[in-house]
Amino acid sequence: MLRGVEAIAHRPILRLAQRRVPLYASTENLTTRVHRRDDGIRPYIELEPTDHPLAIEQREGIPAARVAEILAHFMHHEGQQ
């Protein structure tokens with residue numbers, strides 16, 4: 001169990017998303033919780049449980065057809081560079 005300063009350092013940080021995520025309706029200003037992790041591991045970003053499609057997919061999982069759609073989008077854009 002963490003105590004004192006260590007516990008405070010590991011609390012999630014409340015933030016607003018500042019970036020647009022391709023293939024999703026406006027993602028700017030979605031409320032997030034940033035969970036910092038040790039050893040240089042990227043933080044875990046948790047979206048506030050809303051009815052936004054990105055939040056729903058994070059919470060409930062992404063259907064295989066949606067994964068295929070996302071993959072096709074990025075594969076197409078990668079080929080254009």
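With a/c under 1.5 counting as rounded, go ahead and sort region 4-79 into rounded, prolate or oblate using the C-alpha gyration tensor (a ≥ b ≥ c being the square roots of the eigenvalues; past the cut-off, prolate if a/b is larger than b/c, else oblate). Mind dumping the intermediate values first?
Numbers: a/c = 2.30, a/b = 1.86, b/c = 1.23.
Prolate is the answer for region 4-79, as a/c is 1.5 or above and a/b outweighs b/c.
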*In debye to the nearest 20, how big a dipole does region 4-79 give about its Cα centre with +1 on each Lys and Arg Cβ and -1 on each Asp and Glu Cβ?*
200 debye
*What does the charge add up to near Leu47, with Lys and Arg as +1, Asp and Glu as -1, over the other residues with Cβ less than 15 Å from its Cβ?*
-1
*asked:* Full-extension gain between Gln58 and His10, please, as 0.36 nm times their residue separation minus the C-alpha to C-alpha distance.
replied: 15.1 nm
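Throughout, read-outs are computed from the coordinates displayed, never taken from laboratory work. Since we're looking at a predicted model, the values are computed, not measured. Virtual Cβ from ideal backbone geometry, glycine too; neighbours counted across all protein chains shown.
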